[in-house]
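J.: Handing you this structure, nothing more for now.
No lab work stands behind these numbers, since they all come straight from the coordinates. All values derive from a computational prediction rather than experimental measurement. Every residue, glycine among them, receives a Cβ derived from its backbone with ideal geometry; neighbour counts consider all protein chains shown.
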Amino acid sequence: MHKGVDCRLAMTQLWDFLDQELTEENMVAVRIHLEQCSACHPHAAFAQQFLTALSRCRCADPMPETLRTRVLDTLRNAGLMS
Amino acid sequence: MESGSQPVPSPVREDFDREVLAWMDDVYRFAMSLTRDASKAEDLVQETYLRAFRSWQTFQPGSDARRWLFTIARNAFLRGLERERHHVSLDDGDPDALGAIQHYAGLVTDGTDQLLSRVDLAPALTDAIGRLNEPFRSAVVLVDVEGQSYEEAAAVLEVPIGTVRSRLFRGRRQLQEMLAEYARDAGFAAARAPERGGDDA
């Protein structure tokens, strides 16, 4: 099973692995390689930290308060009942 | 004869409120990532909701309203681009393993990784996302910021899953390069030695 995963394959599939987009079998195989390989482990840790930082960008662009009112006004004018 | 838009009955209005209006923050964030301009993003949100309202009866109850809104927003954005005759590059490229290994090795050894664990990077990364070119920016925003799966992002972008994957690969690579530059400027990473030319004189 995981014996087929070498460093090259682990790095090729790293994003799919971190995004949980691999099959269950391949998830296990790549995880085992990353846990055991001292060369790949820091790269995987870095990539995971990078994705975590990206996910925090959700909070960085708050919607202006006035926009909700503006959208609702537009919808009311288009026929949405208040 | 019909005379323009008809008022939407209350039960439908409640559905629209619950299913659609609740996602306005997410739609705005996505609109910001597309337009990179607050004023244009607000216009795009307004247009998205107007289109959503007008086609509300085509929405399948129980389906993903946020994805539906993202699709409407993106289509509205692309129509605007066509009007402005902007060209959108669709060069996706392919992931390559050896390049990825060398890339990661460089980032880890030059100290960029320290930045991730020690600094709130949301403002810098938001700025970096804004500097990504399409079509990479939309893929990164949908998957990495909005948490969509590859399949969901593919549906919004109307491309195969493999295309989402390769756009993510390229977009993330570009973001990491920008991050490395930021790390060097912030003193977290060593400046890379300039490449030597063929002439030492």
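J.: Quickly work out the A:C7-to-B:M178 label distance, labels modelled 7 Å from Cα along the C-beta direction, and quote it in nm with one decimal.
T.: A separation of 3.0 nm, rounded to one decimal place.
J.: What is the set of long-range amide H partners of A:L80 at a cut-off below 5 Å, with H atoms built 1.01 Å from backbone N?
T.: Residues meeting the amide H criterion: B:V8.
J.: Go ahead and run the numbers for FRET between B:E14 and A:E65, Cβ-Cβ distance against an R0 of 25 Å, rounding to 0.05.
T.: Details: r = 23 Å, r/R0 = 0.93.
Plugging the Cβ-Cβ distance into 1/(1 + (r/R0)^6) gives 0.60.
J.: When the Karplus curve 6.51 cos²θ - 1.76 cosθ + 1.60 is applied with θ = phi - 60°, which whole-Hz ³J(HN,Hα) does each residue of the stretch B:156-164 get, with x for Gly and Pro?
T.: Each residue's phi maps through the Karplus curve to give 5, 7, 6, 9, x, 4, x, 6, 4 Hz.
J.: Quick one: among A:L18, A:L72, A:L34, which has the greatest mean-square fluctuation in a GNM of chain A with alpha-carbon springs under 10 angstrom?
T.: A:L72
J.: Next question, about the same structure. Can you give me the angle between helix A:65-77 and the longest principal axis of chain A, using Cα atoms only, in degrees from 0 to 90, rounded to the nearest 10?
T.: Helix A:65-77 sits at roughly 60 degrees to that axis.
J.: By count of other Cβ within 10 Å, fewest leading, how are B:R13, B:R51, B:R18 ordered?
T.: On the way: B:R13 18, B:R51 15, B:R18 10.
With the sparsest Cβ surroundings first, the list reads B:R18, B:R51, B:R13.
J.: Please express the Cα-Cα pair-distance distribution P(r) of the stretch B:10-84 as a list of whole percents, one per 10 Å bin, running from 0 to the bin with the greatest distance.
T.: Whole-percent P(r) values from 0 Å outward: 20, 54, 22, 4.
J.: Could you pull the Rg and Dmax for chain A, using just the Cα atoms, both in Å?
T.: 21.9, 63
J.: Nearest 10 degrees is fine. How inclined is helix A:41-55 to the longest principal axis of chain A, computing both from alpha carbons?
T.: 0
J.: I've got another one for you. FRET efficiency for B:I161 and B:S63, Cβ-Cβ distance as r, R0 = 22 Å, nearest 0.05? Provide the component values of the computation, followed by the final result.
T.: Values: r = 19 Å, r/R0 = 0.85.
Efficiency computed from Cβ-Cβ geometry: 0.75.
J.: Stretch A:Q48-A:T74 to full length: gain in nm at 0.36 nm per residue minus the Cα-Cα span? Mind showing how you got there, number by number?
T.: Values: separation 26, 0.36 × 26 = 9.36 nm, distance 4.17 nm.
Extending this stretch completely gives an extra 5.2 nm.
J.: Got a sec to turn the phi values of the stretch B:71-79 into Karplus ³J(HN,Hα) couplings, 6.51 cos²θ - 1.76 cosθ + 1.60 with θ = phi - 60°, whole Hz, x for Gly and Pro?
T.: The phi angles translate into 5, 4, 4, 5, 5, 5, 4, 5, 4 Hz.
J.: Could you list B:V45, B:V159 so that the one with the fewest beta carbons within 10 Å of its beta carbon is first and the one with the most is last? Before the final figure, lay out each step's value.
T.: Details: B:V45 29, B:V159 18.
So the residues, fewest neighbours to most, are B:V159, B:V45.
J.: Taking the Cβ-Cβ separation of B:R51 and B:D120 as r and a Förster radius of 41 Å, what is the calculated FRET efficiency to the nearest 0.05?
T.: On the way: r = 36 Å, r/R0 = 0.87.
The pair B:R51/B:D120 has a calculated efficiency of 0.70.
J.: Whole-Å semi-axes of the stretch B:129-186's equivalent ellipsoid, largest first, each the root of 5 times a Cα gyration tensor eigenvalue?
T.: On the way: eigenvalues 110, 19, 15 Å².
Values for the stretch B:129-186, descending: 23, 10, 9 Å.
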